[in-house]
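The block underneath contains the structure these notes are about, expressed in structure tokens.
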Amino acid sequence: MSIKLAVPNKGRLNERSIEILNQAGLEIEDGGERKLYATVKNGDLSVMFLRAQDIVRFVHKGAVDMGITGYDLVLESGLDVHKLMDMGFGRCRLSVAVPEGRGIDTVQDIPDGSRIATSFPHMAQKYFESQGKKVEITVISGAAEVTPHLGVADLIVDLVSSGSTLKTNRLKEIAVIAESQAVLIANKDAMVARGTEMEELASAIRSVMDAEGKRYLMADVPVASLDEVRAFLPGIAGPTVMNLVGRSDVVAIHVVVDKSAIYQSVNRLKRLGATGILIVPIDRMVP
Ligand code: AMP
């Protein structure tokens, strides 16, 4: 029996989830919003497209073995699922925000009895209780940021990513309740029964994430500069150095470099007389 993996069928997490699985070598076709099942051309895996909110529940019930969803939704559900890994995208924070110009700068300034609009009632409730604040929570299913201007709430608890939605709606972030990003979760019983296969999938995803910040650099380097090049291009296990046929003065080097160090590295290589510099992306890095 293949492992059942649930992937968000729309929203911020959909596209990148499919991209990562494809990069991990699973060749999943995005069926679009109406499709429930994806075809996986290889791998012992069946993929289901579900709403990110539902994924936590289905994983918890064991209807699917694993799922990709937002950590904010896992926290809000309060359900006991196993988090296998953070996936490094869909980063956001659940924050308290108030209309500008109300003289509220901290949570302590919030008057008791304030009305709060949110799609995260459990986390909001727990947070305000922990702060000793008595507030009235109104559950909404989205667009919290308009509610203070409509007069139906005094402040909001909502997800913030760049902060531009808050700014547009003249709201000020005064506290962060939790940090979130996309996570890979698993059903706890399935973990016991099929831990090895699940860890294989997690490890394939991890290899994509590890490769993301890296580039593969190739260059022809004068032998005389090799020691200096080695000093600033340490690679994973040091650069691979290869002889070029018919050349005793030049060698070829291949090395994995942090994306952020590419610009400097190329400049230094050129100054040391390197030629034929090639930089290519890496799909996966499997240690
Ligand atoms: P931003 O303007 O970038 O701060 O984004 C804020 C808006 O996007 C709010 O309406 C949030 O509910 C939503 N949002 C931001 N990040 C996420 C996320 N990772 N998952 C779901 N919704 C998000």
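Which of the numbered conditions does S207 fail, given that it passes all the others? Conditions: (1) touching a residue at least 12 places away in the same chain (Cβ under 8 Å); (2) within 16 Å of the ligand (Cβ to nearest atom).
(2)
With respect to F120, is the statement that it is in contact with a strand residue (DSSP E or B) (Cβ under 9 Å, 6 or more places away or on another chain), crowded, with 21+ Cβ neighbours inside 10 Å and without any contact (Cβ under 8 Å) to a residue 60 or more places away in the chain true?
When the stated conditions are applied, F120 passes them.
Given the condition at pLDDT below 95, within 29 Å of the chain's Cα centre (by Cα) and within 16 Å of the ligand (Cβ to nearest atom), answer yes or no: does some residue in the range 99-120 qualify?
No, the range 99-120 contains no residue that is at pLDDT below 95, within 29 Å of the chain's Cα centre (by Cα) and within 16 Å of the ligand (Cβ to nearest atom).
Do we find that D72 is of a type in the set (D, E, K, R) and either closer than 30 Å to E19 by Cβ or not in a loop (DSSP other than H, G, I, E, B) (or both) in this structure?
In short, yes.
Quickly run through the range 236-287 and pick out the residues that are touching a Phe, Trp or Tyr at 6+ places or on another chain (Cβ under 9 Å) and under 30 Å from L21 (Cβ atoms).
Result: H254, V255, V256, V257, A261, L278, I279, V280, P281, I282.
Which ones in the range 220-253 are modelled with pLDDT of 95 or more, within 27 Å of D210 (Cβ to Cβ) and out of contact with any helix residue (DSSP H, G or I) (no Cβ under 7 Å at 6 or more places or on another chain)?
Once the filter is applied, which keeps residues that are modelled with pLDDT of 95 or more, within 27 Å of D210 (Cβ to Cβ) and out of contact with any helix residue (DSSP H, G or I) (no Cβ under 7 Å at 6 or more places or on another chain), the range 220-253 yields only A252.
Without any contact (Cβ under 8 Å) to a residue 24 or more places away in the chain and either more than 20 Å from R268 (Cα to Cα) or within 28 Å of the chain's Cα centre (by Cα) (or both): does that describe G195?
Spelling it out, G195 is indeed without any contact (Cβ under 8 Å) to a residue 24 or more places away in the chain and either more than 20 Å from R268 (Cα to Cα) or within 28 Å of the chain's Cα centre (by Cα) (or both).
Which residue is farthest from the ligand (Cβ to nearest atom), if the candidates are limited to the range 1-24 and must be modelled with pLDDT under 90 and of a type in the set (G, A, S)?
Filtering first and then ranking leaves S2.
All but one of (1) within 16 Å of the ligand (Cβ to nearest atom); (2) assigned to a strand (DSSP E or B) hold for I137, so report the exception by its number.
The one condition I137 does not meet is (1).
Here is a yes/no grid of residues against (1) in the same structural domain as V64 (by TED's automatic domain parsing); (2) in contact with an Asp or Glu (Cβ under 9 Å, 6 or more places away or on another chain):
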site	(1), (2)
I116	no, yes
F128	no, no
A144	no, yes
L155	no, no
D158	no, yes
S162	no, no
A190	yes, yes
R206	yes, no
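Determine which single condition D158 fails, assuming it passes every other condition in (1) within 16 Å of the ligand (Cβ to nearest atom); (2) of a type in the set (D, E, K, R); (3) modelled with pLDDT under 95.
Every condition holds for D158 apart from (3).
A quick yes/no check of all residues on (1) touching a residue at least 60 places away in the same chain (Cβ under 8 Å); (2) more than 16 Å from the ligand (Cβ to nearest atom):
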site	(1), (2)
Y37	no, yes
V40	no, yes
R51	no, no
V74	yes, no
S77	no, no
R93	yes, no
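The values are calculated or read from the model by the stated rules, or taken from the named source; none is laboratory data. Keep in mind the model is a prediction, meaning the values are calculated, not measured. All Cβ positions, even for glycine, are placed from backbone atoms using ideal geometry, and neighbour counts span all protein chains on display.
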